[in-house]
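Below is one structure; the comments refer to it alone.
The values are calculated or read from the model by the stated rules, or taken from the named source; none is laboratory data. What you are looking at is a predicted structure, and each value in this text was computed from that prediction instead of being measured. Here the Cβ positions follow ideal geometry from the backbone for every residue, glycine too, while neighbour counts run over all protein chains shown. Note: areas computed on protein heavy atoms with side chains; ligands, DNA, RNA excluded. Shrake-Rupley method; radii C 1.70, N 1.55, O 1.52, S 1.80 Å.
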Amino acid sequence: DTGVSQDPRHKITKRGQNVTFRCDPISEHNRLYWYRQTLGQGPEFLTYFQNEAQLEKSRLLSDRFSAERPKGSFSTLEIQRTEQGDSAMYLCASSSRATDYTDTQYFGPGTRLTVL
Amino acid sequence: GNSVTQMEGPVTLSEEAFLTINCTYTATGYPSLFWYVQYPGEGLQLLLKATKADDKGSNKGFEATYRKETTSFHLEKGSVQVSDSAVYFCALTAGGYQKVTFGTGTKLQVIP
């Protein structure tokens with residue numbers, strides 16, 4: 001198992017541009033999560049999918065943010081009209097209650113976004 | 001709501017010193033407790049976990065015991081190495097919510 005992967009690892013964009021990040025979870029995991037981490041802080045929850053259904057969204061996820069998981073496998077997180085305040089590390093995690101009753105989340109390496 | 005409070009860093013220790021990083025929590029129901037570690041420029045790695053009171057999680061020489069009476073989950077290691085330098089996050093899941101609630105992290109620097 002190769003773990004959770006994220007692409008790209010780094011993204012630099014200009015304010016107002018749209019960006020899209022991809023997450024590939026651990027293959028047998030049906031649950032997928034997105035978090036945002038700013039410098040010096042712990043990660044903050046953004047949203048959660050079980051299979052292809054988006055079951056929970058944080059108030060942090062403004063209407064400029066959208067996440068999808070169309071076939072219940074990989075997921076994308078899109079930010080429209082980026083702002084400097086969106087600069088952060090975006091982390092993806094996955095889990096499976098079927099294979100681990102504790103439903104422990106395993107994290108990817110993250111995508112670091114810098115908005116100029 | 002759920003919350004995690006951990007000691008502020010940075011913590012600087014000499015190699016082979018004893019490490020304690022304090023963590024206390026507030027949660028609904030019976031939380032599962034975790035320590036994650038983040039090395040420079042990398043994502044989070046699960047270090048250890050405990051899912052019920054008095055459980056002890058352990059990995060790579062690190063230990064933490066789930067103390068329900070004091071709502072604590074302190075991280076300890078008997079002899080730290082330079083390679084343990086990283087940021088350590090205490091975290092929990094609870095109340096039927098899927099999200100992980102993290103503390104703010106404690107940066108550990110181990111000097112030779």
Name, by its number, the condition in (1) within 27 Å of B:V4 (Cα to Cα); (2) more than 14 Å from chain B (Cβ to nearest Cβ); (3) not in a loop (DSSP other than H, G, I, E, B) that does not hold for A:S62. (3)
Looking only at the range B:42-56, decide whether some residue is touching a helix residue (DSSP H, G or I) at 6+ places or on another chain (Cβ under 9 Å) and open to solvent by less than 50 Å² (accessible area, probe 1.4 Å). no
Test set (1) among the aliphatic types (A, V, I, L, M); (2) open to solvent by 40 Å² or more (accessible area, probe 1.4 Å); (3) in contact with a Pro (Cβ under 7 Å, 6 or more places away or on another chain) - A:L32 fails condition number: (2)
Of all residues making up the range A:9-29, the number that are without any contact (Cβ under 8 Å) to a residue 60 or more places away in the chain, in a strand (DSSP E or B) and open to solvent by 90 Å² or more (accessible area, probe 1.4 Å): 1
When you go through (1) touching a Leu at 6+ places or on another chain (Cβ under 8 Å); (2) at the interface with another protein chain (Cβ under 9 Å from one of its Cβ atoms) one by one for B:V37, which number turns out not to apply? (2)
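If you go through the range B:10-29 one residue at a time, how many are surrounded by 13 or more Cβ atoms within 10 Å (Cβ to Cβ), within 14 Å of chain A (Cβ to nearest Cβ) and in a loop (DSSP other than H, G, I, E, B)? Reasoning before the result, please.
Of the residues in the range B:10-29, the ones surrounded by 13 or more Cβ atoms within 10 Å (Cβ to Cβ) are B:11, B:13, B:15, B:17, B:19, B:21-27.
Those left that are additionally within 14 Å of chain A (Cβ to nearest Cβ): B:21, B:23, B:25.
Checking which are in a loop (DSSP other than H, G, I, E, B) leaves us with none.
Looking only at that region, the number is 0.
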In the range A:75-116, residue farthest from the chain's Cα centre (by Cα) [restricted to those that are open to solvent by 30 Å² or more (accessible area, probe 1.4 Å), under 26 Å from A:G16 (Cα atoms) and without any contact (Cβ under 8 Å) to a residue 60 or more places away in the chain]: A:G85
